[in-house]
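Input: a single structure, listed below in structure tokens.
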Amino acid sequence: MGGVPAVRPVKRRSPQAVDQSASTRPARFASWRSINALLVGIPLVLAGCSVAPPQTLRIGSNLWPGYETLYLARDLDYYKDKPIKLVDYPSGTEEVRAYRNKEIDGAGLSIDQALVLASTQGDIRIIAVMDFSDGGDVILGQPGIGNFKDLKDRRIGVESTALGAFFLSRALEKNGMSAQDVKIVSLELADHERAFTNQEVDAVVTFGPARSRLLKAGARQLFDSSSIPGEIVDTLVVSTDAIKTNPKAVQALVDGRFKALGYFERNPEQAASLMAKRTQVTPAQLLEAFQGLKQPSLADNQALLSQKDPTLVLSMQKLIDVMIKNRLIDKRIDPRTLLDDRFVNSVASYNHQ
């Protein structure tokens, strides 16, 4: 998450000086008319020959299974000859920073990160729903911890994001507890495994490869997102400028993603083998991680983004309430203004197959 090559200016040679005698004036006049006609015609010829290459659409993402179909589309050459570049980031927080710095034109973002951007910039649109977490987000405890309520007065590591705060607050609420009952430790995603392994925290709010590896190492799962279905959402967002200036690339991005989703559903083992190379887990672990999320179909996306299915809007409204309460955003956003269904409605027909 390339630019247009600079066009070198055409150097025009000065015409040679001509004799000013009256006897040569008609010839000179005729020759100047010819030169002028030629010079006038040059820009037209150049304009017809110099076609700027399309601007590259730069899309960021991080290591979350729900975004892997974008990379699967790339690996299957669905983006071949398309001006699309996928850019890896260590976390969604880094993607948000890159978007603000105009290093990328869009990203795979959790819905809270999309709302953070919308609250300060207002130039993003959600063009696809990548997944609903259905067990993929977890709270893992040290082996000696029996259940979630045993976390009272203990240290819980969590990323300093709206989603982390939301997920932990819902887990506490579901277990009749509050934030005052635990010791919250701010922990970047890259530090989850290290801090847990070194017993710097008693539990950690995590996901993705860290979840798989910690479970394999003996961590106990105390809570997961299947207990709050439809509330944790991952999306594909792009800037309004990209939609305006590069709509064909945006459409190709969405087309390729849903074509890759279809390939994954028909060929899960082959798809997992391709995707596992990037995610640093085994194909079996990756397939297990995919069981912790639901990837809405194209028809589902069309219903969600057109608001015929209110699930997405309701989830966003609930999250906005939590974000305002925790001062993660300072103004209320109308989630309906962020949804753009034009690209899912125009996905090429072959993706229905």
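Tabulated data for the structure shown
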{"read-out": "Test for Ser346: is it in the same structural domain as Ala128 (by TED's automatic domain parsing), over 26 Å from Ala190 (Cβ atoms) and either more than 18 Å from the chain's Cα centre (by Cα) or at pLDDT below 95 (or both)", "value": "yes"}
{"read-out": "Test: Asp321 is touching a helix residue (DSSP H, G or I) at 6+ places or on another chain (Cβ under 6 Å), charged (D, E, K, R), at negative phi and surrounded by fewer than 20 Cβ atoms within 10 Å (Cβ to Cβ)", "value": "no"}
{"read-out": "Hey, Glu173 at pLDDT 90 or above and out of contact with any helix residue (DSSP H, G or I) (no Cβ under 9 Å at 6 or more places or on another chain) or not", "value": "yes"}
{"read-out": "Any helices (runs of 4 or more DSSP H) falling wholly within the range 1-120 and containing at least 3 residues that are buried (at least 16 other Cβ atoms within 10 Å of the Cβ) and at pLDDT 85 or above", "value": "68-75, 92-100, 111-120"}
{"read-out": "Only listed residue being under 21 Å from the mean Cα position of the chain (by Cα), among the acidic types (Asp, Glu) and assigned to a loop (DSSP other than H, G, I, E, B), chosen from Asp300, Asp341, Asp330, Asp309", "value": "Asp341"}
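Quick grid of which residues meet (1) at pLDDT 95 or above; (2) farther than 30 Å from Arg58 by Cβ:
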position	(1), (2)
Lys183	yes, yes
Glu188	no, no
Phe196	yes, yes
Pro247	yes, no
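The values are calculated or read from the model by the stated rules, or taken from the named source; none is laboratory data. Quick caveat: nothing in here was measured; it's all calculated off a predicted structure. So basically every Cβ, Gly included, is an ideal-geometry build from the backbone, and we count neighbours across all protein chains shown.
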